[in-house]
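The next block holds one structure in the form of structure tokens; read it before the comments.
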Amino acid sequence: QVELVESGGGSVQAGGSLRLSCVASGRSTSCMGWFRQAPGKEREGVAAIGYGDRTIYGESVKGRFTISRDTAKRTLFLQLNSLKPEDTATYYCAANRVAYCVPTLSESNYPYWGRGTQVTSSS
């Protein structure tokens, strides 16, 4: 099994920055990603990283957010810059154990999920 624990959420004014972290434990992980869900909306993919640290981003966050990880520390990061009110959501960390994983923003590819951390961007 895999355990994922997010941290770093908070409230920031529009234009501000935040850095989220996700620590993995248990069995090894391959692809990891960040997803978010606002009240009343479906969950959407934000960013993902896979084998060789290849990355992909959702269109709404390209140029503003950066996903990275420290494999040795089993920690995933998401740097959120130039925050907008529409970025307000609960952010979830997800992972899978697919060998040579190509990053994806399809949540069905991730069997392991954290409990989320709240990000609020006010105008």
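General remarks:
- For the range 38-85, applying the loop criterion from DSSP together with a ceiling of 12 other beta carbons within 10 Å to the trypsin sites (Lys or Arg not before Pro) yields Lys41, Arg54, Lys62, Lys73.
- Most mobile listed residue (Gly50, Gly58, Gly33) in the chain, GNM with C-alpha springs under 10 Å: Gly58
- Of all accessible heavy-atom area on the chain, the percent that carbon and sulfur account for (1.4 Å): 47 percent
- Take every Cα pair under 8 Å whose residues are at least 6 apart in sequence, average their separation, divide by the length of the chain, and the relative contact order is 37 percent.
- Residues whose amide H lies under 5 Å from that of Thr88, counting only those 5 or more places away or on a different chain, are Ser121; hydrogens are built 1.01 Å from N in the peptide plane.
- Order by protection proxy (mean Cβ within 10 Å, highest first), peptides 112-122, 9-19: 112-122, 9-19
- On the basis of the beta-carbon distance and an R0 of 25 Å, Gln118 and Glu59 show a calculated FRET efficiency of 0.65.
- Structure remark: mean-square fluctuation, Gaussian network model of the chain, C-alpha springs under 10 Å; the largest value among Tyr110, Tyr57, Tyr100 belongs to Tyr100.
- Residue range of the chain that is longest and free of GluC sites (Glu not before Pro) which are both DSSP loop and sparsely packed (at most 13 other C-beta within 10 Å): 60-123
The values are calculated or read from the model by the stated rules, or taken from the named source; none is laboratory data. Predicted model, so just to flag it, every value in this text is computed and none were measured. All Cβ positions, even for glycine, are placed from backbone atoms using ideal geometry, and neighbour counts span all protein chains on display. SASA here: full protein model, heavy atoms, side chains in, ligands and nucleic acids out. Shrake-Rupley method; radii C 1.70, N 1.55, O 1.52, S 1.80 Å.
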